[in-house]
Ligand SMILES: Cc1cc2nc3c(=O)[nH]c(=O)nc-3n(C[C@H](O)[C@H](O)[C@H](O)COP(=O)(O)OP(=O)(O)OC[C@H]3O[C@@H](n4cnc5c(N)ncnc54)[C@H](O)[C@@H]3O)c2cc1C
């Protein structure tokens with residue numbers, strides 16, 4: 001395994017680095033990469049959209065796509081470098097749902113017409129997406145979802161309810177799974193739709209987090225008419241489309257880099273005399289905790305390299321359990337970092353929006369938000385199940 005990058009890749013890294021260094025200076029004070037700030041606060045959302053436009057103007061949002069749809073056929077390594085730099089700078093402007101989830105799905109499963117209609121607006125940062133999958137009775141067991149789509153002429157008529165729909169209140173479009181075959185109770189009866197969020201019959205209600213922020217929504221669908229041409233893939237084959245994230249960078253490097261930055265700032269704080277002259281970095285317990293985090297983040301980064309290396313060699317199937325393992329590793333590590341940071345900061349860690357709040361009060365917020373990381377996009381238990389069945393060859397247990 002060769003860890004070095006080519007001179008061209010190093011130049012690209014500097015270019016990304018320069019961009020985010022300059023742009024992130026203008027981030028609103030509440031910015032911190034948490035989805036809750038991006039979607040909950042108007043000034044963060046506006047900043048996110050402005051930065052997205054600048055990234056789009058450089059062609060950086062769609063770099064890994066084929067040229068015919070506005071991409072540059074960028075390699076996995078180049079995308080890895082972009083994600084690495086973006087994560088470290090807590091970068092704005094990347095629509096996670098449109099770019100990381102939907103675009104790869106469309107590239108693999110959509111018709112040419114659908115690709116031409118939906119990919120360029122994502123590349124130009126004109127349209128932002130949301131994911132309408134989970135329901136009150138279907139999360140980990142997504143295949144049991146009950147939202148119904150019934151064919152009526154050129155449309156499907158959709159009725160049901162979605163929940164935990166992140167950023168639905170900001171989104172222009174959503175991608176949705178709905179049941180088109182009621183006889184088939186599991187995944188084979190589902191279809192994958194693209195839904196204009198302005199369609200009559202859609203009601204979006206906020207679901208506020210414990211600490212007051214607005215990321216989540218519940219979305220009610222009452223006789224919503226979706227044109228049949230907005231179905232991706234074939235009827236009742238939506239599950240297959242939903243699993244297609246294909247040849248895209250799946251190493252979680254941006255989150256490991258984000259944690260690296262958080263740790264560096266925590267270490268910096270521990271070096272300075274605080275609270276009557278205490279230098280936290282002189283405390284052996286604090287030092288060992290920081291060292292352990294540094295070891296874990298370093299190991300996580302190496303694991304990310306391994307994933308992208310495996311993917312480059314064409315091991316997309318192999319990379320799937322590795323990606324699931326990386327998700328468990330990075331989200332549980334994020335929790336450890338936030339909990340450890342809060343222990344080190346003591347009661348000051350609970351202070352926000354005050355001159356007494358260490359590190360701009362970020363630990364007060366992150367401490368409350370980080371448990372959600374283990375659930376978003378599939379819980380740690382479900383990810384471990386994937387590692388067992390796809391990676392270790394163990395029989396399925398569910
Ligand atoms: C921050 C965040 C953002 C989200 N954004 C979106 C979004 O934008 N769109 C969307 O559609 N959804 C979203 N979700 C929902 C997310 O996909 C679900 O929360 C997740 O799939 C778990 O489903 P659930 O909450 O219904 O929990 P459940 O599935 O009810 O799970 C409850 C517990 O049982 C465990 N469990 C369930 N099945 C198994 C099993 N087979 N083996 C072992 N343990 C099991 C789980 O690990 C969990 O601990 C988001 C969630 C969070 C936290």
Practice prompt. Give, in nm to one decimal, the length gained when the segment between residue 228 and residue 278 is fully stretched (0.36 nm per residue of separation minus the Cα-Cα distance).
Written response: 11.4 nm
Item to complete: Could you rank the peptides 16-23, 50-57 by their average count of other C-beta atoms within 10 Å per residue, with the highest value first?
Response: 50-57, 16-23
Discussion item. I want to verify a result. In a Gaussian network model of the chain, Cα cutoff 10 Å, which of these has the top mean-square fluctuation: 208, 263, 329?
Written reply: 208
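Starting from the Cα-Cα distance between residue 140 and residue 312, subtract it from 0.36 nm times their residue separation and give me the gain in nm to one decimal.
Full extension from residue 140 to residue 312 adds 59.0 nm.
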Item to complete: Would you work out the relative contact order for the stretch 253-391, in percent, from Cα pairs under 8 angstrom that are 6 or more residues apart?
Response: 23 percent
Worksheet item: Mind checking the angle between helix 253-271 and the chain's longest principal axis? C-alpha axes, 0 to 90 degrees, to the nearest 10.
Response: 20 degrees
Worksheet, complete the sentence: If one compares the long axis through the Cα atoms of helix 112-123 with the longest principal axis of the Cα atoms of the chain, the angle in degrees, nearest 10, works out at 30 degrees
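Based on the Cα gyration tensor of the chain, what are the three equivalent ellipsoid semi-axes, each the root of five times an eigenvalue, rounded to whole Å and given largest first?
On the way: eigenvalues 258, 114, 96 Å².
Calculated on Cα positions only, the semi-axes equal 36, 24, 22 Å.
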Worksheet, complete the sentence: Expressed as a whole-number percentage, the relative contact order of the stretch 130-242 with C-alpha contacts under 8 angstrom and at least six residues apart is 30 percent
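When a/c is below 1.5 the answer is rounded, else prolate if a/b is larger than b/c, else oblate, so apply that to the stretch 80-209 with a ≥ b ≥ c taken from the square roots of the Cα gyration tensor eigenvalues.
Prolate shape, in that a/c is at least 1.5 and a/b is the bigger ratio.
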Worksheet item: Rounded if a/c is under 1.5, else prolate if a/b beats b/c, else oblate: with a ≥ b ≥ c from the C-alpha gyration tensor eigenvalues square-rooted, which is the stretch 66-109?
Response: oblate
Worksheet entry | Separation of alpha-carbon centers, the stretch 13-67 and the stretch 129-198, rounded to whole Å | 29 Å
Fill in: Degrees separating the helix 316-345 axis from the principal Cα axis of the chain, which is the longest one
40 degrees
Worksheet item: What relative contact order, as a whole-number percentage, does the chain give when Cα pairs under 8 Å and 6 or more residues apart are counted?
Response: 13 percent
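What is the gain in length, in nm to one decimal, between residue 172 and residue 389 on full extension, counting 0.36 nm per residue of separation less the C-alpha to C-alpha distance?
74.5 nm
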Worksheet item: So if we plug the beta-carbon distance of residue 211 and residue 46 into 1/(1 + (r/R0)^6) with R0 = 25 Å, what FRET efficiency do we get, rounded to 0.05?
Response: 0.70
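Laboratory data are not the source of any read-out in this text; all were calculated from the coordinates shown. Just so you know, these numbers come straight off a predicted model, no measurement behind them. Methodologically, a virtual Cβ is constructed for each residue, glycine included, from the backbone with ideal geometry; neighbour enumeration extends over all protein chains shown.
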